[in-house]
Amino acid sequence: MAGLRQKGLHTDFIGLQGDHLGSFFVELGFGARPTYVTYQNRRASSFGQAEAAAYDFTTALTRVDAVHICGISLSLTPATRTAALMLARQAQTLGKRVYFDFNFRPSLNEKRGHDEIRQAYRQILPLCDFVFGSRRDLTALLDYPAEATNEDLYQRFVADYDLSGFAGVQRGKDKDHGQGTITGFWADATQVRYSNQYPVQVLDRIGTGDAYAAGIIFGREQGWEAERTLAIAIINDVLAHSTYDDTPAASLADIEQVLQHPEQDLIR
């Protein structure tokens, strides 16, 4: 827990039980060779085996304005799914903002049918205020029409679950240089906003989506306008690609510096 505290994270509500933490091994790729991640007995970890009753959600929720729930909890074990749903319900009841990231992992659902996992997501989404995900999450998991445009798809999803917003990133390639690019989007009930498009140089891609989500959550909780929040979030994502480890290392000052000198990185 010292590592968490070193990053400025409170550890007051971390419980100690079970046999071991979940762990994974990363074989970093570069260029045409992708990064490979091997999980070690993830379902048998202390988190995977902890029952919902082991958590004092009520006490913890009195000290926060919002919670963030990772969709992996819906796929890991029945216990983690129950705990995630309980947390979301209690948070909504207490008027706390609930952020949720799809984080759908096919490798965790090989033994589950499509209908089963889709139902779990459909249970938690009505309890959420703001959701992170991708087009694939909506079409492949929730069965939205694949022929719909991004704008129609995102806004229909927001309307169906009465969300404040749905955000994520879209990857592509620069036609002139062939370099990978990334663009952030944020859909609400009235429009779909897009960030500037940035080139991406990948040193380590793990945790980059979390960096984007962290930027959006930070901006919203600070009360920033959507355009500024989106700009901060996508630069945090871009910079996260350039560092090892799955924890974003860029400071707000680092991000502001990139925004102040867009001519160095922006694809026009």
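The values are calculated or read from the model by the stated rules, or taken from the named source; none is laboratory data. These numbers were taken from a predicted model, which means no experiment stands behind them. When we count neighbours, we look across all protein chains shown, and the Cβ atoms used for this are built from the backbone with ideal geometry, even at glycine. Heads up: the accessible areas ignore ligands, DNA and RNA and are worked out on the full protein's heavy atoms, side chains in. Shrake-Rupley method; radii C 1.70, N 1.55, O 1.52, S 1.80 Å.
Structure above, values below:
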{"read-out": "Any hit, region 143-158, residues being assigned to a strand (DSSP E or B) and among the aromatic types (Phe, Trp, Tyr)", "value": "no"}
{"read-out": "Test result for Arg81, touching a Gly at 6+ places or on another chain (Cβ under 6 Å) and crowded, with 16+ Cβ neighbours inside 10 Å", "value": "no"}
{"read-out": "Residue list for region 215-250, restricted to those being out of contact with any helix residue (DSSP H, G or I) (no Cβ under 9 Å at 6 or more places or on another chain) and in contact (Cβ under 8 Å) with a residue 12 or more places away in the chain", "value": "Glu221, Glu227, Ser242, Thr243, Tyr244, Asp245"}
{"read-out": "Looking only at region 220-237, and only at residues there that are more than 22 Å from Thr181 (Cβ to Cβ) and part of a helix (DSSP H, G or I), the one that is most open to solvent (accessible area, probe 1.4 Å)", "value": "Gln222"}
{"read-out": "Residue check for Ile232: modelled with pLDDT of 90 or more and more than 15 Å from the chain's Cα centre (by Cα)", "value": "yes"}
{"read-out": "Options Leu163, Leu127, Leu138, Leu153; residue that is farther than 25 Å from Glu227 by Cβ and surrounded by 16 or more Cβ atoms within 10 Å (Cβ to Cβ)", "value": "Leu127"}
{"read-out": "All positions within region 2-26 that are within 28 Å of Ala250 (Cα to Cα) and either open to solvent by 100 Å² or more (accessible area, probe 1.4 Å) or in a helix (DSSP H, G or I) (or both)", "value": "Ala2, Gly3, Leu4, Arg5, Gln6, Lys7, His10, Phe13, Leu21, Phe25"}
